[in-house]
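Report on one structure; see the data block that follows.
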Amino acid sequence: DEAPLLPIANLLGKPFYHVIHLPLFPELSELFRKYNTKLISISNAQRKSFPDLNYIATVYNGVDTNKFTFSPTNDDYLLYLGSIGKNKNPKEAILVALETGQKLLIGGRIKDEVYYKEEILPLIDGEQIQWVGEIDEKGVIGLFQKAKAFLFPTLWEEPFGLVAIEFMATGLPVIATRRGGLPEIVKHEETGLLIDGNSPEELADAIEHLAHNPDLRKEYGKNGRKRAVEKFS
């Protein structure tokens, strides 16, 4: 839908920049190259597939830190909130929570109905694994503020990972796979833990490490809030 704008942009006589919010693909990249479009990436990692395009800057996404406020206390549950689809890998979050005996609240927009019905729904027992659905911003913030850690075991190269800065703003440690823009957001062993994501054991070890070190969780939470305010607000 955006492609017709590209040749027109060069005729405007005004500065024109195109912000990329999704991973680049060859056809669109070829158009950017043809019209020498000035691009703004939302992470440096987003550029890796097509490094030769005309990038002007990287501008990270932002979070309203006046809404997503810090909470120094938490309840005894892990949290997954995000798109429900295979590429986001919520099933692994559930399986590892079950394996480690941790309570997990899970919810978000169902992008893949078949995946949800066949892979997620059978694992929800309403007690250890609880489905919270797709909830509004106020409800989301409340869940963030009370969780003890957020699980982000994504399988794809996240262009950014907006939800990660929302979690950090509320003082929630993030356990995420080291993919896409996430290493630019989550500082390993400072605001959370980054794993390679090659096996469920990595996620389990990270969960148990934080579960058994409440002081470390608090430290990561405070560091995450500070980083969100200074770099992403």
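The values are calculated or read from the model by the stated rules, or taken from the named source; none is laboratory data. Keep in mind the model is a prediction, meaning the values are calculated, not measured. Because the Cβ atoms are built from the backbone with ideal geometry, glycine has one as well, and the counts that use them run over all protein chains shown. Only protein heavy atoms, including side chains, enter the accessible area calculation; ligands, DNA and RNA are left aside. Shrake-Rupley method; radii C 1.70, N 1.55, O 1.52, S 1.80 Å.
At-a-glance table
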| item | result |
| --- | --- |
| Count - residues of region 153-181 that are closer than 18 Å to residue 68 by Cβ and either under 10 Å from the mean Cα position of the chain (by Cα) or among the acidic types (Asp, Glu) (or both) | 10 |
| Residue within region 126-145 that is at positive phi and either over 9 Å from the mean Cα position of the chain (by Cα) or not small (Gly, Ala, Ser) (or both) present | yes |
| Residue 116, sole failed condition from (1) in contact with a strand residue (DSSP E or B) (Cβ under 8 Å, 6 or more places away or on another chain); (2) without any contact (Cβ under 8 Å) to a residue 12 or more places away in the chain | (2) |
| Failed criterion for residue 210 (all others in (1) within 17 Å of the chain's Cα centre (by Cα); (2) closer than 18 Å to residue 144 by Cβ hold) | (1) |
| Restricting region 129-140 to residues that are in contact (Cβ under 8 Å) with a residue 12 or more places away in the chain and acidic (Asp, Glu), the residue that is least open to solvent (accessible area, probe 1.4 Å) | 137 |
| Residue 40 being at pLDDT 95 or above and touching a Gly at 6+ places or on another chain (Cβ under 6 Å) | no |
